[in-house]
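Right, one structure below, let's go through it.
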Amino acid sequence: MLIKSFLDYLRYERNYSEKTVLAYGEDIKQLQEFAQEEYGKFDPLEVEGELIREWIVSLMDRGYTSTSVNRKLSSLRSFYKYLLRQGEVTVDPLRKITGPKNKKPLPVFLKENEMDKLLDDTDFGEGFKGCRDRLIIEMFYATGMRLSELIGLDDKDVDFSASLVKVTGKRNKQRLIPFDEELGRSMREYVNVRNEAVPVRSDAFFVRKNGKRLYRSIVACLVKRNLSKVVTVKKRSPHVLRHTFATAMLNNGADLGSIKELLGHE
């Protein structure tokens, strides 16, 4: 009766779709069947955290993913919040229950020889556009900056004398990233080519042929197009180059604290 009233509440008061309501019902039913198999009975008002934990273990043993188990726990949390509001229970049995952590996929990155091939052997095209596109790839790899940070760069943010570039990251936090002589030469070359090809332009460091700032889709497309020439990995985004930067730093002896600061991570 309690389960039915909860599902009716979802259906008629919360206006959940019938598919969602049925999914909630199935999740609670699964716990009910487990309790009846293990203990011979199921009373929603007497459920304790220990039963929930045993149920989680049984689900994982049966091959359920962390995502699926956490979704089922979410259904139960909603059920017991409803019972608390109705005054049917005084304590939520899930209050101290933590679901299994979702496994994070390993970051995709390019090997050093793949980056060498990309920067040294790839034809980016002639003139302003080819020079710009190659530098964008090189800057992602050499600085680890985010896509939003790269397109947000202005000329004033690049200090050639100090070999520093100032980027504005998440929540408008600014940080300084050093660059080496090789990247400095590439940046100076780009600036010379850009100033000649696009005499009238915005304050942006990276611009389009019309002088206006680049936008995300242009950069994402050029990165994907050029990465496709040297790698077959499914993910070919600017973020892959950010991971490649971090991996290269680690492989060359940098400590995690320094890498974290350069990436702008909390």
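So which GluC sites (Glu not before Pro) in the range 1-67 pass both tests, a DSSP loop state and at most 16 other Cβ atoms within 10 Å of the Cβ?
Glu48
Over the range 185-248, give the accessible area per residue in Å² for a 1.4 Å probe, as an integer.
55
Determine the principal axes of the Cα atoms in the range 74-167, then give the extent along each, sorted from largest to smallest and rounded to whole angstroms.
73, 33, 24
Could you work out how much longer the chain between Ser148 and Leu176 gets when fully extended? Use 0.36 nm per residue separation minus the Cα distance between them, nm to one decimal.
Going from the current span to full extension adds 8.5 nm.
Could you sort out which of Lys81/Lys173; Lys101/Lys166; Lys29/Lys101; Lys156/Lys229; Lys96/Lys234 sit more than 30 Å apart by Cα distance in this structure?
The answer is Lys81/Lys173; Lys101/Lys166; Lys156/Lys229; Lys96/Lys234.
Compute the projected area of the convex hull of the Cα atoms of the range 123-220, averaged over all viewing directions, and report it in nm² to one decimal place.
That works out to 6.1 nm², a quarter of the Cα hull's surface.
Mind checking the full-extension length gain between Glu261 and Asn113? Use 0.36 nm per residue of separation minus the Cα-Cα distance, one decimal, nm.
50.7 nm
Step through the residues of the range 121-126 one at a time and calculate ³J(HN,Hα) from phi using the Karplus curve (6.51 cos²θ - 1.76 cosθ + 1.60, θ = phi - 60°), rounding each to whole Hz and writing x for Gly and Pro.
Once θ is set to phi - 60°, the couplings for the range 121-126 become 10, 7, 8, 8, x, 8 Hz.
Applying a 10 Å radius around every beta-carbon, put 234-245, 85-96 in order of their mean neighbour count, most first.
Peptide ranking by packing, descending: 234-245, 85-96.
Can you give the three extents of the C-alpha atoms in the chain along their principal axes, from longest to shortest, in whole Å?
Largest to smallest, the principal-axis extents are 80, 40, 32 Å.
Quick one: Karplus J couplings for the range 179-187, per residue in order, coefficients 6.51, -1.76, 1.60, θ = phi - 60°, nearest Hz, x for Gly and Pro?
Listing the rounded values in order: 10, 8, 4, 4, 5, x, 5, 5, 5 Hz.
Please list, in chain and number order, the residues 5+ apart from Ile97 or on another chain whose amide H is under 5 Å from its amide H, with Hs placed from the backbone.
none
Averaged per residue, what accessible surface does the range 114-176 expose to a 1.4 Å probe, in Å²?
Per-residue value: 47 Å².
Within the chain, what whole-number % of the accessible surface is contributed by carbon and sulfur, with the 1.4 Å probe and all protein chains included in the calculation?
Its accessible area is 50 percent carbon and sulfur atoms.
What is the distance in Å between the Cα centroid of the range 39-104 and that of the range 167-216?
Taking the Cα centre of the range 167-216 as reference, the centre of the range 39-104 is 52 Å away.
The values are calculated or read from the model by the stated rules, or taken from the named source; none is laboratory data. The structure displayed is predicted, hence computed values, not measured ones. Ideal geometry is used to build each Cβ from the backbone, glycine not excepted, and the neighbour counts take in all protein chains shown. Just the protein is used for accessible areas: all its heavy atoms, side chains included, with ligands, DNA and RNA removed. Shrake-Rupley method; radii C 1.70, N 1.55, O 1.52, S 1.80 Å.
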